[in-house]
Amino acid sequence: MTLTDQQQRLAIDGGTPVRTTPLPWELPGAHWIGEEERELVDRVLRSKSPFRFYGIDPQFMVETLEREWCETYGYNHALAVNSGTAALSIALSALEVGPGDEVLVAGYMWVSCISAIVRAGAIPRLVDIDDTFCMDPKDLERKISSRSRAVLLVHMSGAPGHVTEIAEIARKHGLGLIEDCAQAAGASQNGTPVGRFGDIATFSFQMNKNMTSGDGGMIVCKDDVLYRRIVAMHDLGYARNDAGRFDPEDTTCQFWGIGARMSDLAGAMALAQSRKLGKITGAMRSAKWRIREALSDIPDIKFRHVIDPNGDSGPFLIMTFEDADICSRFMAAVKAEGIHGPEGSLGCLPMRDWGLHWYFNIPSLTEKRSNTRDGFPWSHPDNAFASQIDYHRGLLPVCDDLHDRSGLLSIASILTEADVDDIVQAIRKVASVYFNR
Ligand SMILES: Cc1ncc(COP(=O)(O)O)c(C=O)c1O
């Protein structure tokens, strides 16, 4: 069949779009909410016991979730919390990070990573990324100083970067390593699940993540002492006894907690979702890699380097173009072909519309904002060493460049074969006009 002129002309130029029905929302876990979630949530409601530690007839959903995570992914300890942001704060406090310390973090991340460091009283030391869109180990080595205390390694957009090398660098320099796996639940690298490379790892179960309980998260770690600190800090600062009551007499656990417990209702949802995580990520991974392979002969589109495709959790396809102008025009043209989700979703966009994921788009960082009147932590005398750091654009050349030249396509977890074909067809159609391919 030969295409008519109207079909060949790009939709952005008035031609017929490849499709007119929106693709599904990007929210990966949400599409899979079903009877399993309902059954477990109902069980908690029927028992009138939505608190994880005690109640009329507790169902211990959160505890079961934590146990299954340890069994499934090989973690020593897992503790569910109420958000990924809280998980990061707790992880930093557990490692005793505070004023006078620097935490190394990549410039492509999420605002929560920076806010957790700043609220801990420490200084974010930004590190550049490489073609994995995760921290560049070479730049990490360059940025390590006598102030460095920990590395916050964020597995961005579904897959880890050079995690083994970075773990080795952290070990060599005696730095704590926190993996932020919020965007990569269910991912792995060469057979090792994310969260097993560092000292502590955090996850988010917020709505946009690979599995969801609406809000929620998880902290995993190896060390028993660290785990006790984490448990106390996520709660009200103290350990609990077997009956679930506080034990303030235990002098090894007397801290300031942040009230980030997961309720058993959220635990029920997270448990049901967690049992589907492999299927959810499997669906995204296979759709994403089918698209990548079908487009692999177009040299003008460079795909993000994923070190181990088998361990990619698959929620995003990242494409990089020759320059910023072609990137913006290409992504707009693909979107015009009908490659986007329903109104309000973020399915197809240039990275410049990806907001608080990029360091220079975070005004509270560039303007060094504070939650308190004294300007803490920027004004803290122990942080005087960092007074000259300027977080505006220009600090990280690779970040700045990839931000300008890259676009992102969300891969919904329920794409059909026909949806995948449409995505491939739309990208090929735009490439045929823009690149003459
Ligand atoms: C990399 C990263 N870290 C942390 C978070 C924070 O998670 P939450 O929204 O559950 O607080 C998110 C997501 O929102 C994230 O993408």
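The values are calculated or read from the model by the stated rules, or taken from the named source; none is laboratory data. Please read all numbers here as calculations on a predicted model, not as lab measurements. For neighbour counting, all protein chains shown are included, and Cβ atoms are generated from backbone atoms with ideal geometry for every residue, glycine included. Note: areas computed on protein heavy atoms with side chains; ligands, DNA, RNA excluded. Shrake-Rupley method; radii C 1.70, N 1.55, O 1.52, S 1.80 Å.
Things worth noting here:
- Checking ASP247, ASP242, ASP224, ASP199 one by one, the residue that is open to solvent by 10 Å² or more (accessible area, probe 1.4 Å), out of contact with any helix residue (DSSP H, G or I) (no Cβ under 8 Å at 6 or more places or on another chain) and under 30 Å from GLU141 (Cα atoms) is ASP224 and no other.
- Residue satisfying all of: in the stretch 1-39; among the basic types (Lys, Arg) and open to solvent by 70 Å² or more (accessible area, probe 1.4 Å); farthest from ASN241 (Cα to Cα) among these: ARG9
- The residues of the stretch 40-58 that are farther than 20 Å from PHE246 by Cα and not basic (Lys, Arg), listed by number, are LEU40, VAL41, ASP42, VAL44, LEU45, SER47.
- Verdict on ILE114 being modelled with pLDDT of 95 or more, within 20 Å of ASN208 (Cα to Cα) and either basic (Lys, Arg) or within 16 Å of the ligand (Cβ to nearest atom) (or both): yes
- Scanning the stretch 79-102 for residues that are over 17 Å from PRO381 (Cα atoms), away from the ligand (no atom under 13 Å from the Cβ) and open to solvent by less than 10 Å² (accessible area, probe 1.4 Å) gives LEU79, ALA94.
- Residue within the stretch 168-184 that is in contact with a His (Cβ under 9 Å, 6 or more places away or on another chain), charged (D, E, K, R) and either more than 18 Å from TYR75 (Cβ to Cβ) or within 16 Å of the ligand (Cβ to nearest atom) (or both) present: yes
- Check on MET233, open to solvent by less than 20 Å² (accessible area, probe 1.4 Å) and farther than 16 Å from THR72 by Cβ: yes
- Pairing each residue of the stretch 200-212 that is within 15 Å of LEU152 (Cα to Cα) with any residue that is among the charged types (D, E, K, R) and within 9 Å of the ligand (Cβ to nearest atom), provided the two are 6+ apart or on different chains, yields C-beta distances under 6 Å for THR202/ASP180.
- Matching residues in the stretch 141-157 - criterion: being of a type in the set (Ser, Thr, Tyr) and over 12 Å from the mean Cα position of the chain (by Cα): SER145, SER146, SER148
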